[in-house]
Amino acid sequence: MRKFVLWLCLSCKRYVSRPAFLLLLLFLPLGAWFFRKEETRENGIKIAVFAEEEDTDSFDQRLVEKLVAYQSGSEGMFSFYRADSLEGLKEDVAARRAECGYVIDKGLEEKLADKKLRNVIRLYEAPSTVAGELSTETFFSLMIEEYDRILFLNYLKEGEVVPEELREGSKEADWLSEAESWYQRFQQNGSTFHFTYRQEEPGGRLPDSTAGPAAERTIFPVRGFAAVFIFITSLYGAVTLGQDERRGLFLMLPGAQQFFCRLASLLGPILLAAISGMGALWASGELGSPIRELWLLLVYCLFTALFAMTLKKVTVKEGLLCCLIPLFMVGSLIFCPVFLDVGRYVEGARWIGKLFLPYYYLMWF
């Protein structure tokens with residue numbers, strides 16, 4: 001056991017002294033931190049909004065105010081702001097100060113009431129941007145949310161909901177005003193109903209509820225990249241191990257100790273990659289229970305080391321094993337649920353993914 005730890009420490013020292021490998025270890029957590037910062041930045045994608053109607057009490061201007069206030073206090077993807085004029089909106093889009101811009105034609109409320117749904121909203125987009133397509137759902141959902149209030153009040157006015165004793169004088173107006181305030185209150189406090197979105201993990205499981213609120217989800221697939229990085233590092237370590245064996249590095253050791261010293265030499269770069277992966281999980285906010293993460297990473301590192309040693313024995317030559325590294329890297333990124341679970345859409349892709357160790361690691365989460 002003492003020699004195992006000694007060889008493990010010497011192996012780690014050997015790989016850390018290589019500047020290129022050290023840069024790779026630092027690249028993953030720094031990249032995860034950068035992507036998290038970009039995803040959670042407060043400003044978001046800037047989108048200009050302009051309404052041709054000048055009346056501040058009109059539906060058009062209220063919609064603009066709703067869009068501008070949409071980003072306040074939240075960390076969404078889009079940030080709407082009011083443009084001073086139509087020409088100013090066009091200039092902002094052309095200069096890429098805004099990714100796109102929405103122009104609301106006059107009389108939007110009347111056009112919606114008459115079901116004239118074409119050519120009521122104009123969209124100006126900057127070249128080579130997809131912000132218009134992405135923001136359309138947000139824009140129209142907020143528009144319908146504002147228009148629902150009008151439909152609600154019209155239903156109360158035109159229907160038989162208002163009691164007869166309240167239809168005289170100012171009583172009806174007071175009753176409608178109170179109904180509107182209750183409508184807005186129940187719309188904002190979420191007491192009527194709400195939707196909870198939970199990202200489904202690979203394999204159809206839901207996220208670990210014990211992870212707590214600190215475990216955030218990001219668009220950047222940091223866990224998948226960490227799994228593939230550890231897996232590829234094990235293959236790279238196996239190539240180096242084969243070269244050490246050819247130089248006779250382990251010949252002086254007793255037969256019982258040769259296997260464990262080889263394993264320790266191979267585990268050195270794998271554990272360093274695991275530390276880099278843990279740092280990336282922490283930097284991206286996806287680090288759940290540290291004990292569980294550490295335990296699963298250690299088991300995964302051991303299996304990747306045994307797999308790499310077995311593959312080295314099968315291939316015999318280090319050059320052939322080195323040529324297989326791109327194949328395993330590309331196969332892991334495509335067939336394992338790193339970017340998406342291809343097995344849901346392509347028949348047989350899930351079985352191909354099971355040939356790669358990152359698939360089994362990602363199934364635990």
Problem set entry | Gain on full stretching of the segment that runs from SER177 to TYR155 - 0.36 nm per residue minus C-alpha separation | 6.6 nm
For this session: Among the lysines, select those whose C-alpha is under 28 Å from the C-alpha of LYS37, and discard any that sit fewer than 8 residues away in the same chain.
Result: LYS46, LYS66
Seminar exercise, completed: Lys and Arg at +1, Asp and Glu at -1: neighbours of ALA273 with Cβ under 15 Å from its Cβ sum to +2
For this session: Return the inverse of the average 1/r over all pairs of distinct C-alpha atoms in the stretch 249-365, which is the Kirkwood hydrodynamic radius, in Å to one decimal.
Result: 16.1 Å
Problem set entry | Net +/- balance of residues flanking ARG96 in space, Cβ distance below 14 Å, scoring K and R +1, D and E -1 | -1
Seminar exercise, completed: Accessible-area order for ILE275, ILE291, largest to smallest, probe 1.4 angstrom, reads ILE291, ILE275
Exercise. Along the stretch 17-27, what does the Karplus equation 6.51 cos²θ - 1.76 cosθ + 1.60 (θ = phi - 60°) give for ³J(HN,Hα), rounded to whole Hz, x for Gly and Pro?
Worked result: 6, 8, x, 5, 5, 5, 5, 4, 5, 7, 5
Exercise. When all protein chains stay in place, what accessible area (Å², nearest 10, 1.4 Å probe) is found for PHE335?
Worked result: 60 Å²
Exercise. Can you work out the FRET efficiency for the pair LEU30 and GLU109, with r the C-beta to C-beta distance and R0 = 30 Å, to the nearest 0.05?
Worked result: 0.05
Exercise. Using the alpha-carbon centroid of each, what span in Å lies between the stretch 215-289 and the stretch 304-339?
Worked result: 13 Å
For this session: Using amide H atoms built 1.01 Å from N in the peptide plane, name the residues 5+ places from LYS46, or on other chains, whose amide H lies under 5 Å from its own.
Result: SER79, GLU99
Problem set entry | Length released on extending from ARG96 to MET252, taking residue separation times 0.36 nm less the Cα-Cα span | 49.5 nm
Exercise. From a point 7 Å beyond the Cα of GLU245 in the direction of its Cβ, which residues of the stretch 312-338 have a backbone N at a distance under 11 Å?
Worked result: 312-318
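The values are calculated or read from the model by the stated rules, or taken from the named source; none is laboratory data. Model, not experiment: these values are computed from the prediction. Don't worry about glycine lacking a Cβ; one is built from the backbone with ideal geometry, like all the others, and counts go over all protein chains shown. Areas reflect the complete protein model, heavy atoms only, side chains present, ligands, DNA and RNA absent. Shrake-Rupley method; radii C 1.70, N 1.55, O 1.52, S 1.80 Å.
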